[in-house]
Amino acid sequence: MTVEGHSGRIGIGVYGMTSCLQKSANGELVDTTVRKISPTKNTCRGWEFDWTKPERDGYSVYALRVKGDRLIQGMIAMKDDPGNYAIKIDIVEAAPQNNPHNPSNISGAKAYNGVGGHLFAEACRQSFEKGYGGFVHFVAKTNLISYYARVLGAELINPRDRIMAIDGPAALALVQQYYGGGK
């Protein structure tokens with residue numbers, strides 16, 4: 001299968017799988033919410049991606065937050081791709097405070113673990129909701145292809161264009177890990 005039309009390159013690290021988000025400082029698990037938002041330049045100050053662009057390209061942007069806290073911990077841009085019976089992911093990013101590689105993160109530490117896995121799980125959850133069997137696809141940065149295969153169960157479905165997909169058992173495992181019950 002060839003999936004066309006990706007503009008982004010997914011480059012988020014999934015530094016461990018947790019059932020919620022986990023505070024890096026003490027290991028405490030915290031409950032989360034994922035909500036659709038319309039990012040502004042102010043929303044994304046210090047982030048590596050321009051989060052206003054995906055919406056202009058027809059993607060919906062979802063923000064991951066700790067329940068009861070307005071601070072965004074990560075974002076994912078995705079859209080329904082009915083022609084491929086999938087959810088198409090454009091970009092995924094952990095907030096600067098969760099991304100030790102972000103130049104805005106002076107300390108180089110992360111506030112929470114589990115951001116990347118949670119965001120991919122949300123895409124899989126929405127795919128199951130649409131009746132797509134958990135199928136999601138995205139373009140990966142070259143240096144992360146084997147990592148996504150190992151950690152997320154993603155498969156490289158188009159090597160030339162670095163398109164990866166998560167479906168079936170791998171998608172269900174992600175959803176169960178973060179949402180606790182499959183579909």
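The values are calculated or read from the model by the stated rules, or taken from the named source; none is laboratory data. A quick note: this is a predicted structure, and the numbers were derived from the prediction, not measured. Backbone-built Cβ (ideal geometry, glycine too); neighbour counts: all protein chains shown. Only protein heavy atoms, including side chains, enter the accessible area calculation; ligands, DNA and RNA are left aside. Shrake-Rupley method; radii C 1.70, N 1.55, O 1.52, S 1.80 Å.
If you run the Gaussian network model on the chain, springs between alpha carbon atoms under 10 Å, then out of Asn98, Asn143, Asn42 the most flexible one is Asn42.
An oblate overall shape is assigned to segment 41-87, the ratio a/c of its alpha-carbon gyration tensor axes (a ≥ b ≥ c) being 1.5 or greater and a/b not exceeding b/c. Of the residues Gln126, Ala154, Ile106, the one whose Cα sits farthest toward the positive end of the charge dipole of the chain, with +1 on the Cβ of Lys and Arg and -1 on the Cβ of Asp and Glu, is Ile106. Taking 0.36 nm per residue of sequence separation and removing the Cα-Cα distance, the Thr52/Ala149 pair yields an extension gain of 32.0 nm.
How many angstrom separate the Cα center of segment 26-89 from the Cα center of segment 102-155? A separation of 12 Å, based on Cα centres.
Ignoring any ligand, DNA or RNA, what whole percent of the accessible area of the chain comes from carbon and sulfur when the probe is 1.4 angstrom?
Here carbon and sulfur together make up 49 percent of the probe-accessible area.
Per-residue surface analysis assigns His101 an accessible area of about 130 Å², computed on protein heavy atoms at 1.4 Å probe radius.
Going by the alpha-carbon gyration tensor, a ≥ b ≥ c the square roots of its eigenvalues, is segment 74-152 rounded (a/c under 1.5) or, if a/c is not under 1.5, prolate (a/b greater than b/c) versus oblate? It comes out prolate by the Cα gyration axes. Over segment 61-183, accessible surface divided per residue gives 42 Å², non-protein components excluded, 1.4 Å probe. Normalised by the number of residues in the chain, the average gap of Cα pairs under 8 Å and 6 or more apart makes the relative contact order 23 percent. Using a simple spin-label model with pseudo-atoms 7 Å out from Cα toward Cβ, Leu71 and Asn26 lie 1.4 nm apart. All other residues whose Cβ lies under 11 angstrom from that of Ala111 are scored, Lys and Arg at +1 and Asp and Glu at -1, for a net of +1. Model label sites at Ser60 and Asn158, defined 7 Å from Cα along the beta-carbon direction, differ in position by 2.3 nm.
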